[in-house]
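Take a look at the structure below.
The values are calculated or read from the model by the stated rules, or taken from the named source; none is laboratory data. Just so we're clear, the structure is a prediction, and the values are computed from it rather than from any experiment. Neighbour counts run over all protein chains shown; Cβ positions are idealised from the backbone, glycine included.
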Amino acid sequence: MACQKGKGIQRKWMFAWIYPPLLVIFILPEVWDCNAFHPWHSIILSHHWPETVCLMVKETCKIPPNVDYWTVHGLWPKKNQMCNNSWPFKEENVEDILSELEQWWPDVLHPNSTQLWKHEWQKHGTCAATLESLDTQEKYFSKALELYQRIDLTSVLKKFHILPSSNYYTLDNIENAILKTYGVTPKIQCLPPTGGSSVQILGQIELCFTKEFQLLNCTETAPSMLAFKNGRHHTAYLGFFECEPGQQIYYPPIQHVH
């Protein structure tokens, strides 16, 4: 379970049966510091393409008028989720960065609400908080925004002439743009073709980091986040799959009315 400040030292208890009717409890003198225990070794910065999200959930989706760029989906420790349900998200804890969250981390599915941030904190932030640099809500959300600004996917893709349009791209086009810029391989996810189409739709791009926030290749799959379906890794949230190398990719222009 993720640790909150002031609750870092825990005693170890050991139970032993000495004789059937007698239970002896040992309290071991050694202690462990849960702030020093990190059950994850890398962390994922996930970006959404808002238009693709809205193509899936048109009924409730609304892209803010000023948003025409990749937005933050979340900051996810690999192989770890839902570490402390007793540590709720509170908007007052991120008041100092609220305008930045609204700009770069909007919830297009639930406009004008904090539902996405609450979900991301409960599911991923409470696990990230085992790292001292992420052990408050402000630190966690601020670090995600810092990494997001460091990457700037929208500008990188534009530099390599990958633009939202009626044109189609390949997985290599997108991967190579990021690889040439940052020297690492991302995880690129799409909506699979539907209705007899052979074209997949670009939806999500993940960049991976060490606990020291150095970029690394996204080569390891986190089983707690991904399911395996039809031979492909599948992100349970919103139905994204890793993009197929042999299929063309559509990068849809943003429409602000859905």
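Structure above, values below:
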item	result
Every pair of residues 6+ apart whose Cβ atoms lie under 8 Å, when the first sits in segment 175-194 and is in the same structural domain as P50 (by TED's automatic domain parsing) while the second is charged (D, E, K, R) and in a loop (DSSP other than H, G, I, E, B)	C190/E244; P192/E244
Wholly within segment 105-204, helices (runs of 4 or more DSSP H) carrying at least 1 residues that are of a type in the set (D, E)	115-120, 137-151, 171-182
Residues that are more than 17 Å from T154 (Cβ to Cβ), among the hydrophobic types (A, V, I, L, M, F, W, C) and either in contact with a helix residue (DSSP H, G or I) (Cβ under 8 Å, 6 or more places away or on another chain) or modelled with pLDDT under 95 (or both), drawn from segment 171-189	V184
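Residue by residue, here is whether (1) over 28 Å from L157 (Cβ atoms); (2) out of contact with any strand residue (DSSP E or B) (no Cβ under 6 Å at 6 or more places or on another chain); (3) assigned by TED's automatic domain parsing to the domain that holds I205; (4) modelled with pLDDT under 95 holds:
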| site | (1), (2), (3), (4) |
| --- | --- |
| P20 | yes, yes, no, yes |
| P29 | yes, yes, no, yes |
| E51 | no, yes, yes, no |
| P88 | yes, yes, yes, no |
| V94 | yes, yes, yes, no |
| Q103 | no, yes, yes, no |
| H110 | no, yes, yes, yes |
| H119 | no, yes, yes, no |
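Here is a yes/no grid of residues against (1) out of contact with any helix residue (DSSP H, G or I) (no Cβ under 8 Å at 6 or more places or on another chain); (2) under 19 Å from Q204 (Cβ atoms):
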position	(1), (2)
M56	no, yes
C83	no, no
V94	no, no
E102	yes, no
W117	no, yes
W121	no, no
A129	no, no
